[in-house]
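Asks: Quick one: this structure, given as structure tokens, is what I'll be asking you about.
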Amino acid sequence: MHTVHLDDVSGAMWAVAQWMEPLGRAKANEIAGETLRFHAPEKKDLLKDLEGHLPKDKDPVAPLFNVIDDSDSTQGSMGQAVADLFGINFGFHGFIVNTKVKVDFDNMVEEINVKHVEAWTEICLKSDPKIINPTVQAYIDGHLLAKYSICYNGGKIKKIVGYQLKRPKLDVDGLKEIIQSFRVDGFWPNYQDTV
């Protein structure tokens, strides 16, 4: 699992644009280019009338950078940060519950969503002013709870472009700041039991 602050997403895009502008596309591809696999449906040539498109047998190349912070986040570390923020307990289930979940994963996800969506809706409706159609949702897709490993490396943009993260770590203070910005924008409830 990876995290990155929006300040670093936008800052990295700007840094790459500034890095690439004096080099030009060909030199930037030489330095940082990656092959981007694209496969159009076989029966339809969707690109045939698009001027300048590559032939079907050639994949495009473009400078590509991963932007992640230095938190080395896991489900555990993120869960603990949220638990610390709200003063709640957090932990993982043991062997018996995990075995049951493997058998009926979809039902477990549905139970989680029913519990959390109902509570979040109640909090939003108690907010002053009420949040009728919240942008931030409590619903979680089962894919996010499944055991998938993702491991990106953010070193390439640091080495080649020289980009330095403005927000290198996500912590409780960072979460509080995000929630406060959501509150200002009307996305987070003004309710006494929330941060």
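Asks: Please work out which one of (1) open to solvent by 50 Å² or more (accessible area, probe 1.4 Å); (2) part of a helix (DSSP H, G or I); (3) at pLDDT 85 or above is the condition Glu34 fails and give its number.
Replies: Every condition holds for Glu34 apart from (2).
Asks: Among the residues of region 38-46, are any outside any strand (DSSP E or B), under 22 Å from Gln164 (Cα atoms) and either open to solvent by 60 Å² or more (accessible area, probe 1.4 Å) or modelled with pLDDT of 90 or more (or both)?
Replies: no
Asks: Name the residue that is farthest from Ser71 (Cα to Cα), counting only residues in region 172-190 that are in a loop (DSSP other than H, G, I, E, B) and open to solvent by 50 Å² or more (accessible area, probe 1.4 Å).
Replies: Asn190
Asks: How many of the residues in region 59-74 are outside any strand (DSSP E or B) and open to solvent by 30 Å² or more (accessible area, probe 1.4 Å)?
Replies: Here the count works out to 9.
Asks: Tally time: how many residues in region 142-167 are in contact with an Asp or Glu (Cβ under 6 Å, 6 or more places away or on another chain) and closer than 22 Å to Ala83 by Cβ?
Replies: Selection size over region 142-167: 1.
Asks: Looking at (1) surrounded by 12 or more Cβ atoms within 10 Å (Cβ to Cβ); (2) of a type in the set (Val, Ile, Thr); (3) over 22 Å from the mean Cα position of the chain (by Cα), find the lone condition where Ile132 falls short.
Replies: With respect to (1) surrounded by 12 or more Cβ atoms within 10 Å (Cβ to Cβ); (2) of a type in the set (Val, Ile, Thr); (3) over 22 Å from the mean Cα position of the chain (by Cα), Ile132 is out only on (1).
Asks: Among the residues in region 148-171, are any at pLDDT below 90 and open to solvent by less than 30 Å² (accessible area, probe 1.4 Å)?
Replies: no
Asks: What number of residues in region 75-93 are in a loop (DSSP other than H, G, I, E, B) and in contact with a helix residue (DSSP H, G or I) (Cβ under 9 Å, 6 or more places away or on another chain)?
Replies: 6
Asks: What number of residues within region 129-147 are assigned to a loop (DSSP other than H, G, I, E, B) and closer than 18 Å to Thr3 by Cβ?
Replies: 3
The values are calculated or read from the model by the stated rules, or taken from the named source; none is laboratory data. Remember, it's a predicted structure, so these values are computed and weren't measured experimentally. We place every Cβ from the backbone using ideal geometry, glycine too, and count neighbours over all the protein chains shown. When the accessible area is computed, the model is the full protein with side chains, heavy atoms only, and any ligands, DNA or RNA have been set aside. Shrake-Rupley method; radii C 1.70, N 1.55, O 1.52, S 1.80 Å.
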